[in-house]
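What follows draws every value from the coordinates through simple rules; no lab data is involved. Predicted model only: the values in this text are computed from it and were never measured. Ideal geometry is used to build each Cβ from the backbone, glycine not excepted, and the neighbour counts take in all protein chains shown.
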Amino acid sequence: MSSLGIGVIGAGIMGADHALNLHRFVRGAEVSRVSDLDHDRATALTDQIAGAKPTADPVALVHDDAVDAVLIASADATHAALVQECLAARKPVLCEKPLAPTAEECRGLAEAERAAVGEGVPLVSVGFMRRFDPGYTEMRDRLRSGAVGTPVLVHCVSRGLAAPNATSELSITGSAVHEFDTVPWLLGSPITAVSWHAPRSVTPRGTLQDPQVLLLHSADGVLTTVEVFLNAGYGYDIRCELVGTQGTVSLAEPVRTVVDTHLARGTAYAADWRPRFADAYRLQLQAWVDATLAGTPTPLATADEGWRATLVAETAIAAMHAGDGRAVAVPTRPAVAP
Ligand SMILES: NC(=O)c1ccc[n+]([C@@H]2O[C@H](COP(=O)([O-])OP(=O)(O)OC[C@H]3O[C@@H](n4cnc5c(N)ncnc54)[C@H](O)[C@@H]3O)[C@@H](O)[C@H]2O)c1
C-alpha cells in the first residue's frame with residue numbers, strides 16, 4: 001500500500017484540524033471519508049479536500065472499502081463504541097484523547113484489541129500529541145542524557161484563555177489528562193497516587209472550580225505539581241519544568257517574533273492549543289501514517305497507556321470529591337488476558 005485511505009469521524013475543531021493537516025502536510029495520507037452528526041459540517045470539510053466524501057453514518061465509514069484507517073475526533077463519550085467498531089473491522093485507529101471517559105471502557109478496549117490481534121501489531125493509537133512536541137521531546141532527551149541528573153520534581157502548568165462552561169471534572173478529563181500521559185512518558189515511571197487542592201475560584205458557579213492544583217506521586221519518588229487554570233484570561237500557556245539533582249530543564253514558550261514598543265518588550269500567546277501544538281499534531285499524524293503503512297507498531301500512546309491516563313483521571317476526580325486534600329492511590333490495572 002503506497003497511500004493510506006483515512007476516514008475521519010468528527011468534523012469539529014480537532015477533526016477539521018487533523019483532516020486538513022493530513023490532506024496538506026502528511027505524506028502517504030489520503031482523507032477519503034468524513035463523518036459528523038452535523039452533515040453540513042462534514043460537507044464543509046470534504047469541500048476543501050479533493051477526493052474526500054461525506055458519510056452520514058460513522059459506523060458505515062469504518063467499514064467503507066475506501067477507509068484503511070480511522071481517525072476519531074468526535075465527542076469523548078463516542079470514543080469507546082467507535083474504537084470497538086474499528087477493532088471489529090480490524091482497522092488501525094487513531095483516537096483523540098481520552099481513549100474513553102471511564103477506565104472500565106478503556107479496559108474493554110484493551111481486551112478487545114488483545115482479542116483482535118493477540119501479540120501482533122496493535123491497532124489502537126491515542127492522540128496524546130505532546131509526545132511529538134519538539135519542546136517535550138527535547139526535554140525528555142536531555143533528562144535521558146543525564147544533563148540535569150536524577151529527576152526529583154516536575155512543575156506543570158496548563159492555562160487557557162476562557163472556558164466558562166467547563167466543569168471541575170472536565171478540567172481533569174479534558175485538560176489535566178494530558179499531564180497524566182506526559183509525566184509517566186517523561187519520567188519512565190507510572191503515577192501511583194494523586195491529591196487535589198483548590199484555591200479560591202475565579203468562577204462564580206459551583207460547577208467549575210478554577211484553578212485546580214494536583215500533586216502527582218510517581219513510582220520512582222518524583223513529585224509533580226499540576227496547575228490547571230482554564231479561565232486564566234490572558235492566553236493558552238503550557239509550561240513544564242523538570243528539576244533534577246544537577247539542574248533543571250524547562251519548556252521555552254515557542255515564539256517567532258518579539259515586539260519592542262512603548263518602553264516594553266512582548267511576545268504573543270496563542271488563543272488555543274492548535275497553534276501551540278501545530279508541530280506536534282503534524283508530527284504525530286506523520287508518525288501514525290508512516291507506521292501504519294509499514295505495518296509496524298506506531299510510536300503513539302497505546303491503548304494500555306490511554307487506559308492508564310484515564311485511570312489517573314478517575315483517581316484525581318475521586319480525590320476532588322473526597323475534598324480532604326489527601327493522596328488517593330491509583331488502582332493497579334489488571335493484566336489483560338493473553
Ligand atoms: N489532543 C488535543 O490537544 C485535543 C484538543 C481538543 C480536543 N481534543 C479531543 O478531540 C475530540 C473532539 O474535540 P473538539 O474540540 O473537536 O470538539 P467539537 O465539539 O468541536 O467537535 C466534535 C464533533 O464531533 C461530532 N460528533 C459527535 N458525536 C458524533 C458521532 N457519534 N459521530 C460523528 N460525529 C460526532 C460533533 O457533531 C462535532 O462536530 C474530543 O475527544 C476532545 O477531547 C483533543
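Numbers below:
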quantity	calculated
Surface/4 of the Cα convex hull for segment 38-170, nm²	12.3
Translational diffusion of segment 1-104, µm² s⁻¹ [Kirkwood Rh, Cα pairs; Stokes-Einstein; 20 °C; 1.002 mPa s]	161
Residue-averaged [θ]222 nm for the chain, counting only DSSP H segments that reach four residues, each worth -39500 (n - 2.57)	-10500 deg cm²/dmol
Residue of Arg131, Arg114, Arg142 that the Gaussian network model of the chain assigns the largest fluctuation, springs spanning Cα pairs under 10 Å	Arg142
Residues His23, His197, sorted so that the one with the fewest Cβ neighbours within 10 Å comes first	His197, His23
Enclosed volume per residue, in Å³, of the convex hull spanned by Cα atoms of the chain	158
Helix 13-25 vs. the chain, principal-axis angle (Cα, 0 to 90°, nearest 10)	70
Placed amide H near Thr203: partners under 5 Å, 5+ positions off or other chain	Asp210
Tilt relative to the chain, helix 79-88 - C-alpha long axis, 0 to 90 degrees, to 10	40
Of the trypsin sites (Lys or Arg not before Pro) in segment 193-289, those whose Cβ has at most 13 other Cβ within 10 Å and which sit in DSSP loop	Arg200, Arg205, Arg256
Relative compactness, segment 170-226, computed as alpha-carbon Rg over 2.2 N^0.38 Å	1.23
Tilt relative to the chain, helix 278-294 - C-alpha long axis, 0 to 90 degrees, to 10	40
Computed label-point distance, nm, for sites Ala271 and Ala88 using a 7 Å Cα→Cβ extension	4.0
Candidates Gly120, Gly28, Gly244, ranked by Gaussian network fluctuation over the chain, Cα under 10 Å, top entry	Gly120
Per-bin percent of Cα-Cα distances, segment 113-206 [5 Å]	2, 9, 16, 18, 16, 15, 12, 8, 3, 1, 0
Cα gyration tensor of segment 164-295 - equivalent ellipsoid semi-axes, whole Å, descending	25, 24, 19
Pair-distance profile P(r), taking every C-alpha pair of segment 251-337, with 5 angstrom steps and integer %	3, 10, 11, 11, 12, 13, 15, 10, 8, 5, 2, 0, 0
